[in-house]
1. Quick one: L92 ticks every box in (1) aliphatic (A, V, I, L, M); (2) within 19 Å of A148 (Cβ to Cβ); (3) under 13 Å from the mean Cα position of the chain (by Cα) except a single one, so which number is it?
2. So which of A25, A45 ends up being within 30 Å of I98 (Cα to Cα), touching a Pro at 6+ places or on another chain (Cβ under 6 Å) and modelled with pLDDT of 50 or more?
3. Can you tell which of I101, I139 is of a type in the set (A, V, I, L, M), over 13 Å from F68 (Cα atoms) and crowded, with 19+ Cβ neighbours inside 10 Å?
4. Any chance you could count how many residues in region 48-72 are under 20 Å from I98 (Cβ atoms) and more than 11 Å from the chain's Cα centre (by Cα)?
5. Give just the number: which of (1) crowded, with 19+ Cβ neighbours inside 10 Å; (2) modelled with pLDDT of 95 or more does G53 not satisfy?
6. Take the conditions surrounded by fewer than 18 Cβ atoms within 10 Å (Cβ to Cβ) and among the hydroxyl-bearing types (S, T, Y) and apply them to S88. Does it pass?
7. List pairs: first in region 125-150 and farther than 21 Å from Q47 by Cα and among the basic types (K, R), second at pLDDT below 95 and not in a helix (DSSP H, G or I), Cβ under 8 Å, 6+ apart or cross-chain?
8. So if I check each of A90, A69, A74, A61, which one is modelled with pLDDT under 95 and either in contact with a Ser or Thr (Cβ under 7 Å, 6 or more places away or on another chain) or of a type in the set (A, V, I, L, M) (or both)?
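The values are calculated or read from the model by the stated rules, or taken from the named source; none is laboratory data. Please read these numbers as outputs of a predicted model, since none were measured by experiment. Ideal geometry is used to build each Cβ from the backbone, glycine not excepted, and the neighbour counts take in all protein chains shown.
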Amino acid sequence: MLSNFGKSVVLCILFVASAVSSQTAPMPRVELTAGFHRIEAEVAANQADRSQGLMHRRSLAKNQGMIFAFPQAAMHCFWMKNTPLPLSIAFLDEQGKIINIDEMLPETEDNHCPVRPARFALEMNAGWFKAKGLQPGAIIGGVGSLPAAR
């Protein structure tokens, strides 16, 4: 029979094992380009990864982001619930052409949507696209090599 201390240790071990097993595998990473700018992006190509997105992240490195790939172009909207860092989002067509860019404030539930159906969305640190001089019509290179969205 276990003592109270032994029971606590067992419960602690079970809790840690459960937490570790519930963590999702890291998302794949790809290199994208915006003109001569290099982007290291995590790829959210399935529903679970797209739902998680950058929630609970406190920071992103200078040229890191996340690209959301969808099986088809549609009016995919985003919000910032449980996301403590401000982000910029660029909605992209099938060829990686920027449709529109929006700035997203942390911890908000405002909808951020493309102005027409988009196949991809690229999230970067707030102001990243503006600082690089990128506007609608610019091309994000590398979207053709993304894993198939499901």
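1. (3)
2. A45
3. On the way: I139 fails: crowded, with 19+ Cβ neighbours inside 10 Å.
The unique qualifying residue is I101.
4. Start the filter on region 48-72 by keeping residues that are under 20 Å from I98 (Cβ atoms), which leaves 50, 53-54, 60, 62-70, 72.
Narrowing the set further to residues that are more than 11 Å from the chain's Cα centre (by Cα) leaves 62-63, 70, 72.
So the answer is 4.
5. Result: G53 fails condition (2) only.
6. So S88 does not fit the description; no.
7. K132/G35
8. A61
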